[in-house]
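Take a look at the structure set out below.
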Amino acid sequence: DETMKYPLTYGYSLVGVVTRCSSDVSDAEELVGRLVFAFSPHSSHVIVDRDSIMIVPDGISARDAIFMPSVETALSLVHDAHVRIGEKVAVFGQGLIGLLVNAILSSQQIQPSSGKFGTVTVFDTISDRLAAASVMG
């Protein structure tokens, strides 16, 4: 039964360091001590299948890696929008996903002659979100 039960566990993704592996994990030596990402409710310790974790590449911090699902969502939205060369783009809402969409679009904001799209305009009713968006261009 998929109904909610007490106690509830919140969240759906986490980043952490592997402390040990079962004997049937073929790359256990490589994993122990590594920073990994997993889809799992928030917790200080979890047990997950080897197939459900991704090693976080060197140079990416835990603070950045936790945004992997949100960045994937933002990238999918940008991809699915099919923005064309020279188009003006509006992003409504500058919560986490909106800010990430804005960051992706703004990083590609170049003149139409270069083969990229035109201006990005953002909308939100919360001034702090608009301030964060303005930092991105």
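The numbers here are math on the coordinates, done by the rules we state, and not lab data. Predicted, not measured: the structure shown is a model, and the values here were computed from it. Cβ: placed from backbone, ideal geometry, glycine included. Neighbour counts: every protein chain shown.
Rounded, prolate or oblate for the stretch 68-135? Axes are the square roots of the Cα gyration tensor eigenvalues, ordered a ≥ b ≥ c, and the cut-off for rounded is a/c under 1.5.
It is oblate, given that a/c is not under 1.5 and a/b is not larger than b/c.
In nm, to one decimal, how far is the modelled label at residue 108 from the one at residue 134, with both set 7 Å along Cα→Cβ?
The two pseudo-label positions are separated by 2.6 nm.
Could you order the peptides 14-20, 126-132 from most to least packed, using the average number of other C-beta atoms within 10 Å per residue?
Details: 14-20: 15.4, 126-132: 12.7.
Final packing ranking: 14-20, 126-132.
Between beta-carbons, use under 13 Å as the cut-off and find the net charge around residue 25, counting Lys and Arg +1, Asp and Glu -1.
My count for the surroundings of residue 25 gives -3.
What is the antiparallel percent of DSSP beta bridges lying wholly in the chain, to the nearest 5?
65 percent
If you wrap a convex hull around the Cα atoms of the stretch 1-121, how much volume per residue is inside, in Å³?
Spelled out: Cα convex hull of the stretch 1-121, divided by residues, is 170 Å³.
Which of rounded, prolate or oblate describes the stretch 14-65 when judged by the alpha-carbon gyration tensor and an a/c cut-off of 1.5?
Because a/c hits 1.5 or more and a/b fails to exceed b/c, the stretch 14-65 counts as oblate.
What distance in nm lies between label points placed 7 Å from Cα along the C-beta direction at residue 17 and residue 66?
1.6 nm
In whole angstrom, how far apart do the alpha carbon centroids of the stretch 1-23 and the stretch 122-137 sit?
34 Å
Run the helix sum for the chain: -39,500 (n - 2.57) per DSSP H stretch of 4+ residues, divided by residue count, reported at 222 nm to the nearest 500 deg cm²/dmol.
-8500 deg cm²/dmol
Please name whichever of 79, 45, 11 sits farthest to the positive end of the charge dipole of the chain, dipole taken about the Cα centre and charges placed at Cβ: Lys and Arg +1, Asp and Glu -1.
Value computed over the given set: 79.
Starting from the 7 Å offset along Cα-to-Cβ, what nm value, one decimal, do you get for the label separation of residue 25 and residue 75?
Those two pseudo-labels are separated by 2.4 nm.
What is the chain's relative contact order, in percent, from Cα pairs under 8 angstrom and six or more apart in sequence?
17 percent
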